[in-house]
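A short write-up of the structure that comes next.
The values are calculated or read from the model by the stated rules, or taken from the named source; none is laboratory data. Computed from a predicted model, the values in this text were never measured in an experiment. With ideal geometry, Cβ positions are generated from the backbone for all residues, glycine too; neighbour counts draw on all protein chains shown. Remember, those area values only see protein heavy atoms, side chains included, never the ligands or the DNA or RNA. Shrake-Rupley method; radii C 1.70, N 1.55, O 1.52, S 1.80 Å.
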Amino acid sequence: MIEFWYEFASTYSYPAAMRIERLAADKGVAVAWRPFILGPLFHEQQGLNDSPFNAVPVKGQYMWRDLERVCDSQGLPLRHPSQFPRNSLLAARVAIVGLEDGWAPAFSRAVYQANFVDDLDIGSPDVLAPLIAEVGAGPEHVLAAAQSDPVKAQLKQHVAMAKERGLFGAPSFLTADGELFWGNDRLEQALDWAVRHQSREHA
């Protein structure tokens, strides 16, 4: 098993989310989707109130060009969002709701499509409602649940868990033995590690 920690405003989480299940299935590794928000970690760990890619413009320019190359190599469309980063709090809470019913992965991929391809405001309930419907859930019920205290508390718990696990960015992958891998370009390495660890356990 591997934990996939992702943030909807995170650029490199987009290609990771679009390919992790296929690659993990090929390796026989189960994926535990872990939606969270990076803002509290950025603020606490780095003193940032904005994306590091906005705080350091030259780094941001490189990132967008690099993401274009990454998406092109994977056959993924990409449009630079007119607002970056977008508020991902509501989308993360909706994903939390979907974890129990099993539609969080499909919903998450749809949110990335909305943000990084269709340039839609993923912080808007009007944008998220049709995405919820597409995965077979009831938008009105889900959006109400997303604003409930238990779901808010669960997302806060995810952020606390991320901090405890030593996360500082997204996407991040955590294997069963606690090995942390950061970045879309470390996905294959994380899966290989998970397979080797599992093999040693059963040796």
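With every protein chain kept in place and ligands, DNA and RNA left out, what is the accessible area per residue of the range 2-202? Probe 1.4 Å, answer in Å².
Roughly 48 Å² per residue, with all protein chains present.
Size of the dipole of the chain about the Cα centre, Lys and Arg at +1 and Asp and Glu at -1 on the beta carbon, nothing else charged, in debye to 20? Spell out each step's value before the answer.
On the way: 18 positive and 25 negative charges, 67 e Å.
Charge dipole, the chain, about its Cα centre: 320 debye, nearest 20.
For the chain, how big is Rg over Rh, using alpha carbon atoms and the Kirkwood form of Rh?
Rounded to two decimals, Rg over Rh is 0.95.
Under 14 Å from the Cα of K156, which aspartates and glutamates turn up, not counting those fewer than eight places away in the same chain?
Qualifying aspartates and glutamates at Cα under 14 Å: E7, E164.
Given the chain, what percent of its DSSP beta bridges are antiparallel, to the nearest 5?
In the chain, DSSP labels about 60 percent of beta bridges as antiparallel.
When only Cα pairs under 8 Å and 6 or more residues apart are kept, what is the percent relative contact order across the chain?
Here the relative contact order equals 31 percent.
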